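The values are calculated or read from the model by the stated rules, or taken from the named source; none is laboratory data. Since we're looking at a predicted model, the values are computed, not measured. As a convention, Cβ positions derive from the backbone with ideal geometry for all residues, glycine included, and neighbour counts pool all protein chains shown.
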Amino acid sequence: AKEKGRNNYQFYTPLLNSRTLDRLKLEYDLRLALDLGQFELHYQPQIDATKQQLYGAEALIRWRHPERGLVPPNDFIPLAEEIGLIIPIGGWVIAEAARQITRWQAEGHKQMVVSVNISALQFHQPGFLSEVQAIMDAAGAQPQSLELELTESMLMSDMDASIHELQLFRDLGYRIAIDDFGTGFSCLNYLRRLPVNILKIDQSFVRDMQSDEASLAIVSYIIRLAQSLGMDTIAEGVETSNEMTLLVNEGCRLMQGYHFSKALPPAQFDAWLAQWSAR
Ligand code: C2E
Ligand code: CA
Ligand code: CA
Ligand code: CA
């Protein structure tokens with residue numbers, strides 16, 4: 001029996017190498033995480049820098065894993081997309097954000113907008129709009145308080161259907177932002193047809209704009225483009241007051257980044273906001 005066991009072991013080793021096992025374990029854990037309540041939303045403040053006032057918050061998911069600790073989204077969202085789990089996880093994100101919107105409303109933050117990241121699979125799912133509506137109704141939250149962050153590439157795969165779907169969201173009062181704007185080699189002609197409120201200037205351009213003239217030119221161009229299309233811009237990854245000042249001078253009103261705060265759990269967000277408002 002011992003000898004047979006050893007042979008079996010040798011036989012299976014090359015198939016179940018440690019990377020395969022690691023991924024299988026991660027996938028197994030991920031399938032349980034929703035039922036075990038291991039996901040959390042952290043919120044990063046979004047600031048109107050011209051008024052020095054809060055605009056809203058971006059909801060960013062984290063996975064509190066019993067052994068791995070707090071797992072960042074880049075370590076599990078791609079896998080969740082690959083195996084289709086992003087549909088229920090993404091639904092939970094919207095529901096949790098909707099509940100947080102009503103909590104903040106009750107605390108008097110009436111104008112606050114919460115933005116959520118939407119995956120391509122989620123957006124193109126039939127019935128997505130009615131699901132969002134049902135979730136918002138159940139929480140008692142207004143569409144004006146929710147902003148959907150989409151990427152250029154997921155809209156370009158099927159332009160006409162995307163424009164139609166976005167128009168339905170807009171008609172109901174939802175806000176739409178294009179995330180990581182400038183990184184998708186967007187065809188400019190499509191922008192003018194898209195019912196979008198906000199372009200989010202990708203953080204790579206913000207990071208490099210003081211050392212690299214091309215990045216500054218792109219930042220400046222996106223701001224002017226948005227202005228002429230009647231859209232707003234929000235700069236991501238603002239880490240210093242110099243970057244903030246430069247962006248304000250370029251005409252960018254909204255921004256988020258470590259200069260203001262990283263993403264925080266709701267209780268810490270409220271404490272941050274109280275302190276920042278009293279500064
Ligand atoms: P993203 O939507 O582009 O989010 C911005 C990322 O930059 C966040 O990382 C944020 O914490 C980080 N960040 C914010 N300010 C600064 C700054 O000043 N400097 C630098 N260097 N980074 C900053 P995070 O939370 O790890 O999220 C990574 C990505 O995961 C997100 O990129 C988004 O694509 C995805 N993601 C997060 N939450 C969700 C979700 O609920 N659903 C889906 N589908 N994707 C999500
Ligand atoms: Ca985002
Ligand atoms: Ca982004
Ligand atoms: Ca991104």
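Table for the structure above
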| item | result |
| --- | --- |
| Complete set of residues in the range 23-55 that are in a strand (DSSP E or B) and more than 13 Å from the chain's Cα centre (by Cα) | Phe39, Glu40, Ile47, Asp48, Gln53, Leu54, Tyr55 |
| Subset of the range 182-221 [among the hydrophobic types (A, V, I, L, M, F, W, C), more than 16 Å from ligand 2 (Cβ to nearest atom) and either modelled with pLDDT under 95 or surrounded by 13 or more Cβ atoms within 10 Å (Cβ to Cβ) (or both)] | Phe185, Cys187, Leu188, Leu191, Leu194, Met209, Leu216, Ile218, Val219 |
| Hits in the range 78-102 - residues which are within 27 Å of Leu254 (Cα to Cα) and either within 8 Å of ligand 1 (Cβ to nearest atom) or touching a Pro at 6+ places or on another chain (Cβ under 7 Å) (or both) | Gly90, Val93, Gln100 |
| Extreme residue, modelled with the lowest pLDDT, among residues of the range 147-181 that are surrounded by fewer than 20 Cβ atoms within 10 Å (Cβ to Cβ) and within 19 Å of Pro45 (Cα to Cα) | Asp180 |
| Single match in Ala267, Ala226 (criterion: small (Gly, Ala, Ser) and farther than 22 Å from Gln100 by Cα) | Ala226 |
| Matching helices (runs of 4 or more DSSP H) fully within the range 196-265 where at least 3 residues are more than 16 Å from ligand 3 (Cβ to nearest atom) | 213-229, 241-250 |
